[in-house]
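Laboratory data are not the source of any read-out in this text; all were calculated from the coordinates shown. What you see is a predicted model, and the numbers here were worked out from it, not measured in a lab. Because the Cβ atoms are built from the backbone with ideal geometry, glycine has one as well, and the counts that use them run over all protein chains shown.
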Amino acid sequence: MQRYTDVICSFCGTLCDDIEVVVEDNKIVDVKHACRIGTAKFLASNDYEHRLLKPMVRKNGKLVEVSLDEAIEEAARILKDATKPLLYGWSSTSCEAHSVGVELAEELGGVIDNTTTVCHGPSVLAIHDAGYISCTLGEVKNRADLIIYWGANPMHGHPRHLSRYSIFPRGYFRERGQQDRELIVIDVRKTDTAKIANKFIKVNYGEDYELISALRKVVNGGELREESVAGVPREEIIALAEKMKNAQFGVLFFGMGLTQSYGRHRNIDNAINLVRDLNAHTKFVIMAMRGHYNVTGFNEVLSWQAGFPYAVDFGRGYAWYNPGETTANDVLQRGECDAALIIASDPVSHFPRKSIEHLARIPFIAIDIHPTPTTQLADVVIPSAIAGIEVEGTAYRMDAVPLRLRKVKEPPEGVLSDVEILRRILARVRGEEALTAKAEVAK
Amino acid sequence: MKEVVLTPKEQPSYGLIAECISCDVFAGKSIDEIKALPVYYGNKQGELGDFFEISGEVASSAEEQRIVIAGDVPKTRWIGKEMSAGEIVVKGSAEMYVGAWMRGGKIIVEGNVGAFSGMLMQGGELYVKGNAGDYLGCSYRGEWRGMRGGTIIVEGNAGMEVGQNLNGGRIFVKGSVESFAGVRMKKGLLVVGSATDRVGAQMVGGTIVVLGNVLRLLPSFDPAGEVENPSVADESFEGVFNKYTGDHAERHAKGVLYVRKE
Amino acid sequence: MSGLILKNGYVYDPLNGIKGEKMDICIENGKIVEEVSDAKVIDCSGKVVMPGGVEIHSHLAGGKVNVGRMLRPEDHLKNVYPKTKLTRAANGYSTPSTFLTGYLYAKLGYTTAFTAALPPLMARHTHEELHDIPMLDKGALTLMGNNWFIMRYLKRGDVELAAAFVAWLLKAVKGYAIKVVNPGGGEAWGWGRDVRSLDDPVPHFDITPREIISGLVKVNEMLALPHSIHLHANNLGRVGNFATTLETMQVPNGTKPARERQVLQLTHAQFHSYGGDSWKNFASEAESIAKAVNSNENVIIDIGQVVFGDTTTMTADGPMEYYLSSLTGLKWANKNIELETSPGVTPFVYSKRSPVSAVQWAVGLELALHINDAWKVLLTTDHPNGAPFFKYPTIIAWLMSSKYREETMKEVHSAAQKNTTLATIDREYDFYEIATITRAGQAKSLGIQETKGHLGVGADADVAVYDINPEEIDPSRDYKLIEEKFARTSYTIKGGEIVVKDGEIVKVVQGKTLYIDARVDESLEREVMRDIDYYFKRFYSVNLANYPVQEVYLTNPTPVQIDATNVR
Amino acid sequence: MEITLITGRTVAQGEAMEKGKIGEGFTKACAVIELDPEDMSKLGAYEGDEVRVKTDSGEVVVVAKKSSSAPHPGVAFIPMGPWANVIVGGDTESTGMPPFKGTKAEITLAKGERVLSAAELVAQIYTKDKE
C-alpha cells in the first residue's frame, strides 16, 4: 500500500493540490479531500472496463483493434494527407503534450485550437481589448471581503472553489473566514451557489451587458434614468455599485453564464472595464472560472510558442489567428478541414450539431482515456494514460499558477502518455523511423 | 483604365487566400505573371491561374488598373488587401477580409462580403451591393487603433460589431445591423438604416446616425434633446432626430448618437 | 566536436584589457583555449571580435511576458517568420515568441540572457518559457522586495533568517539573484495603494522601503551571492523621481561588497532620473544621477533606454502600470501574486512628437554619456519597456556618434533639446566601451565573469564576430553602418558551435540554466523551514510540497554552489 | 411552449462524465431538462416525464426535471452533453463561440418516448459516410 499526499486533482481549473491518494496493487483504493467529481475521476482510473485499452482503426466501417504501431502509422497518414487538418482538444492533458501538439500543428500546417474556443474564448477576446485585472487565488483568500460570482455556479462546476479560495477559508487579513466576507451571486437562475450567497441578484437572460453598463455608469458618477435595468431595480444597482466601491478588496469571478450567452466577449469586455473603473475607488480584481484543469495551460503554451492563445492556423508556415475564422467550430461549420486529431476532449458531445456533421464526414483520430461519443465516430482511436494520475506533467490553474502533476499509479499495460503518442505521430509525419514498437510506458 | 478579368473556376473548400488580387500587385505584370501569383489554401500554395481563368489588359500603374471577378467567389478571402489605387469589381459574392488594410482605390462587390471586410481600412472605398458579414470595417483583435480612413457603403444589411474600434473614415449601412454597431468607437462616422441593440457600446467619440429604428438603447446613453436635420462633417441627415451622448459607462465619453424620430 | 580558430580579427575583450588588437581566438570543447590543433579556421580579418553579449535585464520569459502576448495579438502580426527546416514559426514585436527571442538575441551576438523578474509562485512558468528559448544561457532574477517572509524577518531584525529564506527560495524556484521592485509598493498594491518615498510605511507590515533595501543588501552580502541586489527603485516613471533615486543610492552606504562588484545595481535608471514637478515641465535629471553614480563606489546602473515606437510595458511594479494605463487609457493587465509581488502590463507608444517621450529618449543616453566609467553603465532597454531588445544596434550607434544623436534630435520634440543636456555632450563611445557595456560589465555585475563576457583562456566559447573593420569605419560618421552591422553578426558562436552565420541561424542549440544553490547552517534552515511550513499551510493557495521547481524544467541545469554555512 | 434554452455544467454531469460516457449514469445525468415548476404545469409535465425539445437545429427527447433554481419562467436548462448539443445553434457570429446559452426552443410532451443513450443518439444523428 502506498499513500501519496499533495496530489493534484486533474479535473477542473481549481487544480486542488492537497489530495491524498492510497494505492494498492496499482489500484486507487482511497481518495481524500477531493470533491465528488475529482474522487470519481481518481477512482474511475481503476475501472479498466470503462477505459480505452487497445488502439483501434476503422476498417470497412467498423473500429477494429490493431497494434499501436499500426494506429500511429494510420494517424500519421491521415494527417499527412490532409490539406487542412484540425488539431483540437488539449485541455485535459499536460503542457508537455501541448508543446508537442504545437510542433505537430506547425509541421502539418494545420489549425490548432483547444476547448477555450467553447468556454472562455470570449474572455480571451475581451482581454485583447480590455486587459485583465486579476490576481492569484491566494490573494482572494487572504484579502477579499467582497466576492461576486457572475454567471458562474462553482457549487457545480468547481466544487471546492468556495472552500479553498473564496468564501470559506481563513486568510491573513480575513481571520474569521466567511464572517469577514460577503458573497453576491448574479445569475439568471437561483443556482446552488446563489442559495448560499448573502445576496442573489437575478438578471434577465441576455441582459447582463446592460446591467454592467448601468453599474459602470453609476460607479463613474453618472445617474441612472431607468427604473430598472435587466430586471434589477435602480436602487439595487446603486446599492451594488456602492458596495463594490466600498469593498477593501473585491473580486468578480465570472463563468460561462457571461461568455456563452448573448453578448459573449462584450459582456466580459464590459465587466473587465467595470473592474478597471472600480480601481479608481478601491482594489478590485476579476477572474475567469476556467473549466478544464489545464485549459489555461494550453493558452499559455500556445502564446509563448506561437504568440496567440488559441485558434491558430499554421497553414502558411507561421501563426495566423482570428477567432471567428480560425476557431474549431467555424472551421468545421464552413467545411474547411479535411482531417482532424482530437485529443483529451469530446467535441461530439459538446459541439453543436452543425459542427459535428462535418467532423463525422472527415477522417479523424481520437486520443482519449475512455470511450466517448467522439471515439465512437473516430477512424483511429488511441488509448492514453491519465495525466495527473498515471503520468507527470505541468498544468496551469485558473489563475495561471503552474503546478506539477503527480503520478500515483502505472497506466494500463501498453498504454502510453499523450506526449509519447504525439511524439510518435510527429516522428512518422516527418518520415522518421518508427520509434521502438515496444510500448515504452510513460514515465 | 485597363481591365483584367478573373473568371472563377472551382473554389477550394479550405478557403482561398488570394491577397494578390489587388491592382497594386497586378499593375506592370504580364498575364502569365498574374496567373503565376501565389495563392494559399490550407497548407498548400497554388497559383492564381489554378482558380481563375485570367485574361485582359494589364496597366502599368495601379491607378489605371481595373480587375473584374466575373462571378461568385464564396471561398476567396483577402481580395484587395492593402490596395492603394485602381478598381476591383466582384460580380458576385466574396468571402472574408475584402479590402482589409485598403489605402486607396475602389472595390465594388455586387453580391455579399464575408466577415472582417474593410478591416483596418485607411482610405479608398468599399462598396457592397448585397450584405456584409460581421465585423464590417473592424479593427484586428486587440488593436485599439481601428479603421482610420476611407468609406464603406453597404446597400443591404451587416452583422455584428460594424465599425468596431472605428478611428476615422465613414461607414454607411443602408439596411439593418446586428448588435454592437460602433462598439469602442473613437472617431469617424457610422450611419445605419436600423439597429437592434447595444449601438455605440463603449464608444468614447465619433458619431453614429440611425436612420430608422433602434430596438433598444443602452442605459448608459443620455438623451440630449432633438435635432432637426443634423449634419456631421459634410454629411447632413434629413428629419428630426433624438440626440444621445455616450457611452457614459466610459468616463469622459464624447460619442454622439442620433436616432431618427418615427 | 572539433576546434575553431577565429583568425586575425580585431578583438575587444575588456575583462582582459584587450582593445582591438589583431588576434586569433582558439576554441576547443566549448571553451577558449591557448591553442588548438585540429580546427576549422574562420577568417576574421577586417572584422570585430567580441565575447558573446550578456543581457542582465530583459523581460524574456514568464507569466508577465505571456500576459503581454495574450494582451496584444496585434503585436504578433509584426515580425512574422514562417517555420524553416531549422527554426520554428516565430512572431511578435515587443513580446516575441520564445523561439524568436532566442533567434533574435543570437543574431545580435548575444549568448547569455537573464530574465528580469521571476515571481516565485509562478517560477515554473518562467522556466517553461526559458526552456523554449534556444541559443542562450539563462538565469532568472527573483522578485523579493515585497515578499511577506522577508518583510517580516527584516522588520524583526532577523537578517540571518531572511538570508536563510533567500537561500531556500532561490533554490526552490531555481533563481539566480535578488530582484527588488518598488519595495513595499507591491504589497501596498494589494490594497490598491503604493508607497511614494523611502520612508512610507508598507500597510500592515510596518516596514519601510528603506529598511527593505538595506536589509536585502545585508542579506545579499551575507550570502555573498554572485550578483548584487538588483533594484527597481520606488517611484518609477514619476515626475521628479530623481530625488528618491538619489536617496536610494545612499541606502547601502558603508556596505562592503562580499565580492568584487557593486553592492547595488540600480536598474533601468532612465526611468528614475526625472525632474520637474508636472508633466508640463518634465525634465531630465540624468546629470545629477550620473554625478551620484560617478562618486559612489557601490552603485552601477543599467540604462533602460527608450527607442521611439510601439511597445509593451511590463513590470512587477503593479501600481506604476495602473498609473501609466490611466494616463494613456489603454488596456491594462494586472496580477497580484499572493505573498510575493504584483506585476502589471500595458502597451505604450513612445512618440517622437511627445515632449515626454523625447526627454525619456535623451535621459538614457545622457546617463550613459555622463557616467565616466563604462563599467558602471550597462546597456539595456529594460526589454520591452523602453524598446524591444533588438533595438540595441540603434542605441550603440547613438552612443558612438554625436552626429547621429543630433540627427535624431532634429526629428523629435524640442523638449529633448530644452529639457535635457544631451545636445551639449560630445562624448562618443568606442568599441572597447561598447564591449564593456554589452558584455564585460554585464558579466562582471552578474558575477559570471570567470566564464562569460571575455575571451581569455578558460572562458566559455561564446563569441560574436561583426563585419566591422574598425580601421575603415568611422562610427561617428558611419553610424548607419554601425546600426546595420551590430544587428546581424557574421558569426555567433555558442559553446564552441557556430549558431549564426551572416545574420542567419545555422544551428539551434540549448543553453544552460544557472541558479543559486546556497547552503546555510542546518539549524538556521530548520528554523526557517518551520516558518515556511506555517505560512504555506495558512496563507498560500498551493501546498509547500508543490511549490519548488523540479530540475526537469531547466535546460542543462547549472547550479552555482554557495557555502553560506557561516551565516548565523 | 417556447423557452430559452441554456446549457452548462452540473456536478452530476461532471461525475458521470468521469465515470465514462458509455454508461447509463451519463444518460441519467445529462438527458434531462430542468424546468421552472410553473412552466411544467403549463406544459402538463410531471417530474420524470419525457419531453421533446425542438430548435432550428434539431430535436431531442429528454426527461423533465423540476428546477431547484426556480423561479425562472421561460428559461430551461439541459446539462452539457450530446443531448443538449444536438439542438443548440451553431452560428458563432464570427467569435468562435457557438450560442450554448440562449437558443430558442419549443418543448412539447412526449410521454413514453424512449430517451436515447449517448451512443444511440450519436449513431442516429451522425453518419460516417466514407469509402
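Give me B:Ser220, C:Ser2 ranked fewest to most by other Cβ atoms within 10 Å of their Cβ, as a rough exposure proxy.
The fewest-first ordering by Cβ neighbours comes to C:Ser2, B:Ser220.
Sticking with the crude label model, points 7 Å out along Cα→Cβ, report the distance from A:Lys195 to C:Asp38 in nm, one decimal please.
7.8
Which residues among the range D:1-19 fall inside the zone where the amide N is under 20 Å from a point 7 Å beyond the Cα of A:Phe168, along Cα→Cβ?
Residues D:10-15 fall inside that zone.
Using the Kyte-Doolittle scale, find the helices of chain A whose mean hydropathy is at least -0.5 and whose Cα atoms extend 15 Å or more along the helix's long axis, counting only whole DSSP H runs.
Both cut-offs are met by A:68-81, A:95-108, A:208-219, A:295-306, A:418-429.
Excluding C:Tyr540 itself, calculate the net charge of residues whose Cβ lies under 14 Å from the Cβ of C:Tyr540, where each Lys or Arg counts +1 and each Asp or Glu counts -1.
Neighbour charge sum, excluding C:Tyr540 itself: -2.
How many partner chain Cβ atoms sit within 10 Å of a residue's Cβ in peptide D:122-128, on average, as a whole number?
Partner Cβ neighbours, averaged per residue: 6.
Need one word for the protein assembly as shown: rounded, prolate or oblate. Basis is the Cα gyration tensor (sqrt eigenvalues a ≥ b ≥ c); a/c below 1.5 gives rounded, then a/b vs b/c decides.
The shape class here is rounded.
Once R0 is set to 41 Å, what does the formula 1/(1 + (r/R0)^6) return for the Cβ-Cβ distance between C:Glu551 and C:Lys31, expressed as a FRET efficiency to the nearest 0.05?
Working from the Cβ atoms, E equals 0.95.
State, in angstrom, two size descriptors of the range B:157-262 derived from its alpha carbons: Rg to one decimal place and Dmax to the nearest whole number.
11.8, 32
At a Förster distance of 45 Å, what's the computed FRET efficiency of B:Lys129 paired with B:Val227, Cβ-Cβ distance as r, to 0.05?
That pair, B:Lys129 with B:Val227, gives E of 0.90.
Run the quick spin-label model on C:Ser351 and C:Asp430: label points 7 Å from Cα toward the beta carbon, then report their separation in nm to one decimal.
In this crude spin-label approximation the distance works out to 4.2 nm.
Counting other C-beta atoms within 10 Å, which of C:Arg526, B:Arg216 has the fewest, and how do the rest follow?
C:Arg526, B:Arg216
Give the Rg (one decimal place) followed by the Dmax (whole number) of chain C, computed from C-alpha coordinates and expressed in Å.
Just the Cα atoms of chain C yield Rg and Dmax of 22.3, 67 Å.
In whole Å, how far is the Cα centre of the range A:34-73 from that of the range B:118-148?
Taking the Cα centre of the range B:118-148 as reference, the centre of the range A:34-73 is 47 Å away.
Cα centroid distance between the range A:199-254 and the range A:389-425, in Å?
43
What do you get for Rg/Rh of the range B:1-111 when both radii come from the Cα atoms and Rh is the Kirkwood radius?
With Rh from the inverse mean 1/r over Cα pairs, Rg/Rh is 0.92.
By counting other Cβ atoms within 10 Å of each Cβ, how are A:Asp208, C:Asp24, A:Asp338, C:Asp563 ranked from fewest to most?
Ordered from fewest to most neighbouring Cβ atoms within 10 Å, A:Asp208, C:Asp24, A:Asp338, C:Asp563 come out as C:Asp563, C:Asp24, A:Asp338, A:Asp208.
Rank B:Leu120, B:Leu218, B:Leu166 by mean-square fluctuation in a GNM of chain B with C-alpha springs under 10 angstrom and give only the top-ranked residue.
Highest fluctuation among the options: B:Leu218.
Could you work out the helix-only [θ] at 222 nm for chain A, with each DSSP H run of four or more residues adding -39,500 (n - 2.57) and the total divided by the number of residues, to the nearest 500 deg cm²/dmol?
After summing the helix terms and dividing by the residues of chain A, the value is -10000 deg cm²/dmol.
Which residue fluctuates the most in chain A, going by a Gaussian network model with Cα springs under 10 Å, if the choices are A:Leu341, A:Leu15, A:Leu183?
A:Leu183
Take the alpha carbon atoms of the range C:14-98, find their radius of gyration, then divide it by 2.2 N^0.38 Å using N residues; give the quotient.
1.63
Pairs of Cα atoms under 8 Å, at least six residues apart: use those to get the relative contact order of the range B:157-262, whole percent.
After rounding, I find 22 percent.
At what distance in angstrom do the alpha carbon centres of the range C:145-214 and the range C:345-369 lie from each other?
Here the answer is 30 Å between Cα centres.
Mind checking the full-extension length gain between C:Lys78 and C:Lys418? Use 0.36 nm per residue of separation minus the Cα-Cα distance, one decimal, nm.
Stretched out fully, the C:Lys78 to C:Lys418 stretch lengthens by 118.9 nm.
Tell me, in nm to one decimal, what length is gained between C:Arg193 and C:Asn281 on full extension, where the rule is 0.36 nm per residue of separation less the Cα-Cα distance?
Between C:Arg193 and C:Asn281, full extension yields an extra 29.1 nm.
Among A:Leu278, A:Phe254, A:Asn198, pick out the residue whose Cα is farthest towards the positive end of the charge dipole of chain A, where Lys and Arg carry +1 and Asp and Glu carry -1 on C-beta, about the Cα centre.
Checked the options; the winner is A:Asn198.
Where a ≥ b ≥ c are the square roots of the eigenvalues of the C-alpha gyration tensor, would you call the range D:80-131 rounded, which needs a/c under 1.5, or, failing that, prolate if a/b is larger than b/c, or oblate?
Oblate, because a/c is 1.5 or more while a/b does not exceed b/c.
So what is the calculated 222 nm ellipticity per residue for chain C, using -39500 (n - 2.57) for each DSSP H run with n of 4 or more, over all residues, to the nearest 500 deg cm²/dmol?
-9000 deg cm²/dmol
Assign one of three labels to the range D:2-125, namely rounded, prolate or oblate, based on the Cα gyration tensor with a ≥ b ≥ c the square roots of its eigenvalues; rounded applies when a/c is under 1.5, prolate when it is not and a/b is larger than b/c, and oblate otherwise.
Here the range D:2-125 falls in the rounded category.
Which cross-chain or sequence-distant (5 or more) residues have an amide H under 5 Å from the amide H of D:Ile33, H modelled 1.01 Å from N in plane?
Counting only residues 5 or more places away or on other chains, the set is D:Val63, D:Ala64, D:Lys65.
Using a Förster distance of 41 angstrom, determine the FRET efficiency expected from the C-beta separation of A:Glu49 and A:Lys80, and round it to 0.05.
Given R0 = 41 Å and the Cβ-Cβ separation, E is 0.75.
Would you mind telling me which residue in B:Tyr97, B:Tyr140, B:Tyr14 has the biggest mean-square fluctuation in a Gaussian network model of chain B, where springs connect alpha carbons within a distance under 10 angstrom?
B:Tyr14
Given the rule -39500 (n - 2.57) for each run of at least 4 DSSP H residues, summed and divided by the residues of chain B, what is its mean residue ellipticity at 222 nm, to the nearest 500 deg cm²/dmol?
Computed ellipticity for chain B at 222 nm equals -1000 deg cm²/dmol.
Between D:Glu47 and A:Gln2, what is the spin-label point distance in nm, taking each point 7 Å from the Cα along the Cα→C-beta axis?
Spacing of the two 7 Å Cα→Cβ label points: 4.5 nm.
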